């Protein structure tokens, strides 16, 4: 992630956007309680969503690819209900059927290819317990978002492709909604 992007993700304005708009939209008819007691967060970055989630779920594991972001988050959240793991969500170091729920917010566009996104979806299906809920959301492809990702990965997901892609990864009951700014999906294994 470039510095401009990281700076935005640390603002009070971004926190309010997440808390008041992004997370309620992502969860849709569900709330964080629907995730169960052992939740996996993929791609927390600097941890703004982690902070919001950890107050709402009993146990949260956050997997972050970037070593510096993972180390900073691990240090900041030591002694809390969050376990931060440095790792790749396309090949996670977790047992099958480990988590009751999995979330990822405004992160998928940082995964460089559709093939790697699909590998991540398969891994999420693998580590979720039967009946486990996957909640994901991200922004719609827009020029202003592309500009924010100068010298950074920007590979937006077309929400129209998600039902087939998630079904191929092993999900069922896939629900996708979108508007001009964002998309959200909920699915179960």
- Quickly run through region 164-188 and pick out the residues that are under 22 Å from residue 32 (Cα atoms) and in a helix (DSSP H, G or I). 166
- Query: Out of region 56-80, which residues are at pLDDT 95 or above and closer than 26 Å to residue 188 by Cβ?
  - Reply: 57, 58, 59, 60, 61, 62, 63, 64, 65
- Query: Taking the stated definitions as given, is residue 89 outside any strand (DSSP E or B), in contact (Cβ under 8 Å) with a residue 12 or more places away in the chain and more than 11 Å from the chain's Cα centre (by Cα)?
  - Reply: no
- Query: residue 79 is checked against (1) buried (at least 20 other Cβ atoms within 10 Å of the Cβ); (2) part of a loop (DSSP other than H, G, I, E, B) and fails just one. What number does that condition carry?
  - Reply: (1)
- Query: From the set of residues in region 92-121 that are part of a loop (DSSP other than H, G, I, E, B) and in contact with a strand residue (DSSP E or B) (Cβ under 8 Å, 6 or more places away or on another chain), which is nearest to residue 45 (Cα to Cα)?
  - Reply: 107
- Task: Would you check which residues across region 27-71 are free of Cβ contacts under 8 Å to residues at least 24 places away in the same chain, part of a strand (DSSP E or B) and within 18 Å of residue 108 (Cα to Cα) and list them?
- Result: 62, 64
- Task: Could you run through region 143-164 and say how many residues are crowded, with 17+ Cβ neighbours inside 10 Å and modelled with pLDDT of 95 or more?
- Result: 3
- Going through (1) surrounded by 13 or more Cβ atoms within 10 Å (Cβ to Cβ); (2) under 29 Å from residue 151 (Cα atoms) one by one, residue 28 fails only at (2)
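The values are calculated or read from the model by the stated rules, or taken from the named source; none is laboratory data. Please read all numbers here as calculations on a predicted model, not as lab measurements. Please note: Cβ atoms are built from the backbone with ideal geometry, for glycine as well, and neighbour counts cover all protein chains shown.
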